[in-house]
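The values are calculated or read from the model by the stated rules, or taken from the named source; none is laboratory data. This structure is a prediction, so every number in the text was calculated from the model and none was measured. With ideal geometry, Cβ positions are generated from the backbone for all residues, glycine too; neighbour counts draw on all protein chains shown. These accessible areas exclude ligands, DNA and RNA; they are computed on the full protein's heavy atoms, side chains included. Shrake-Rupley method; radii C 1.70, N 1.55, O 1.52, S 1.80 Å.
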Amino acid sequence: MKKIAVFTSGGDSPGMNACIRSVVRTGIYHGLDVYSIMYGYDGMINGDIKKMQSHSVSNIVQRGGTILKSARSEEFLTKEGRKKAYDQLQKFGIEGLVAIGGDGTFTGAKVFFEEFGVPILGCPGTIDNDIYGTDYTIGFDTAVNTALEAIDKIRDTAAAHDRIFFIEVMGRDSGYIGIECGIGGGAEMVLVPETKTTIDDVVRSFKSLRKSKTSSIVIVAEGEEEGDASQIMNKVKQHFKEDEKEFKVTTLGHIQRGGNPTAMDRLLGSRCGMAAVEGLIKGESNCMAGVINDTVVYTPFADCITKDKPLKSDYLRLQEMLSI
Ligand code: F6P
């Protein structure tokens, strides 16, 4: 293998740049030509591809976002789109790929490998931490810390006014961001898609709060089945008299996707990037490089995208216990 290319796809996450830098420099270190593809699979289809040098990735390890831009490609979902992408890779002589992204990215990578046999390795880049085959995904730690900073600020004003805040965090169908913010932010309740919590449960919990607790924080993960934070707040509100409690809602949104990556995400991105390139050189393919128990592990894309990654079982219990 002489020429490889790297791209980012799906929602960006802090630490993707550290991963790109690692792929480029590890590749060059091992004597490969490394190319970048802009805008994920769309850029592959359009031939938005250029050769990288070691200095092309200078001064990016500390930056959020992705210098390669990202997109969720509609065209790559079609066989014709994937054929165009393959033809572009042939044109540039690219023999291996590193895809940085989440389950959508890996689903595309798996199909592409099966159809055209281009060796492809993945790095888990998403704030959601919902990928099987790695303890953490690149960007999750930063997102949790960003959300916590906001939650701490909201708690100050919640306490000052004796208010109940419903704070919505990201995570698509996963409650990882929610539960870690709940524990770290001292929330009174956490609603995540992995557990069944009814509106009655929320109301009951508020009615039984000790008298000294005059303000509360409820973390709502965006995938919660009872609805978004605002809908849940409105349903709960109906169970209280007008002047009994004051409710507010805050949706943190995309603030969680930006910002300088934490040390943990820079390190994870760098480790996964190196492992992906060295995996390709050793002949690994159709799999993701992740880190489990502090050890690099290669997991087939098929498992990454189909197997569940349940919340750590003791986290929900811990959160509940600490919120009394
Ligand atoms: O997958 C990352 C994520 O931020 C999810 O938490 C969220 O559901 C989704 O992406 C939002 O996507 P978009 O930026 O396309 O609105």
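Spelling out what I want: for every residue of the stretch 244-255, take phi, set θ = phi - 60°, compute 6.51 cos²θ - 1.76 cosθ + 1.60 (Karplus), and round to whole Hz; glycine and proline get x.
6, 9, 10, 10, 9, 10, 9, 9, 6, x, 6, 4
Once amide H atoms are built 1.01 Å from N in the peptide plane, which residues 5 or more positions from Gly15, or in another chain, come under 5 Å H to H?
Excluding prolines and chain starts, which carry no amide H, the hits are Gly65.
Per the 1.4 Å probe, what fraction of the accessible area of the chain, in percent, lies on carbon and sulfur atoms?
C and S atoms contribute 49 percent here.
Per residue of the stretch 309-318, in order, report the coupling 6.51 cos²θ - 1.76 cosθ + 1.60 (Karplus, θ = phi - 60°) as ³J(HN,Hα) in whole Hz, putting x for Gly and Pro.
10, x, 4, 4, 4, 7, 5, 5, 5, 4
In nm, give the distance between the simple-model label positions of Glu242 and Lys207, each being 7 Å from the Cα along the Cα-to-Cβ direction.
Once both label points are built, they end up 2.2 nm from each other.
Among the aspartates and glutamates, select those whose C-alpha is under 16 Å from the C-alpha of Lys79, and discard any that sit fewer than 8 residues away in the same chain.
The qualifying aspartates and glutamates are Asp42, Asp87, Glu114, Glu115.
Cα to Cα, under 16 Å, and not fewer than 8 places away if on the same chain: which lysines meet these conditions relative to Lys207?
Lys235, Lys237, Lys241, Lys245
Give me a comma-separated list of calculated 3J(HN,Hα) values for the stretch 71-85, in order, Karplus coefficients 6.51, -1.76, 1.60 applied at θ = phi - 60°, integers in Hz, x for any Gly or Pro.
Couplings: 7, 10, 7, 6, 5, 5, 6, 9, 4, 5, x, 5, 5, 4, 4 Hz.
Just the Kirkwood number for the stretch 110-152, please: inverse of mean 1/r across all distinct Cα pairs, in Å, one decimal. Before the final figure, lay out each step's value.
Numbers: mean 1/r = 0.0810 Å⁻¹.
Hydrodynamic radius (Kirkwood, Cα pairs) of the stretch 110-152 is 12.3 Å.
Using the Cα gyration tensor of the stretch 1-145, with a ≥ b ≥ c the square roots of its eigenvalues, what is the shape: rounded (a/c below 1.5), prolate (a/b larger than b/c) or oblate (neither)?
Oblate, since a/c reaches 1.5 and b/c is not below a/b.
Which values of log₁₀ I(q)/I(0), to two decimal places, follow from the Debye formula for the stretch 202-309 at q = 0.15, 0.18 Å⁻¹ with a uniform point scatterer at every Cα?
One equal scatterer on each Cα of the stretch 202-309 leads to -0.83, -0.96.
Write down the accessible area per residue of the chain in Å², having rolled a 1.4 Å probe over the full set of protein chains.
Using a 1.4 Å probe on heavy atoms only, each residue of the chain averages 44 Å².
Using only alpha carbons, build the gyration tensor for the chain and give me the equivalent ellipsoid semi-axes, biggest first, whole Å.
42, 18, 16
Can you give me the long-range amide H partners of Val249? Hydrogens built in the peptide plane at 1.01 Å from N, cutoff under 5 Å, separation of 5 or more residues or another chain.
Long-range HN contacts for Val249: Phe166.
Checking the a/c ratio against 1.5 first, then a/b against b/c, what shape does the Cα gyration tensor give for the stretch 141-257?
Working: a/c = 1.83, a/b = 1.31, b/c = 1.40.
Oblate shape, in that a/c is at least 1.5 and b/c is the bigger or equal ratio.
If you find the alpha carbon centre of the stretch 83-141 and of the stretch 22-82, how far apart are they in angstrom?
11 Å
GluC sites (Glu not before Pro) within the stretch 33-109: which are DSSP loop residues with at most 11 other Cβ atoms inside 10 Å?
For GluC sites (Glu not before Pro) across the stretch 33-109 that sit outside H, G, I, E and B with at most 11 neighbouring Cβ atoms in 10 Å, the list reads Glu74.
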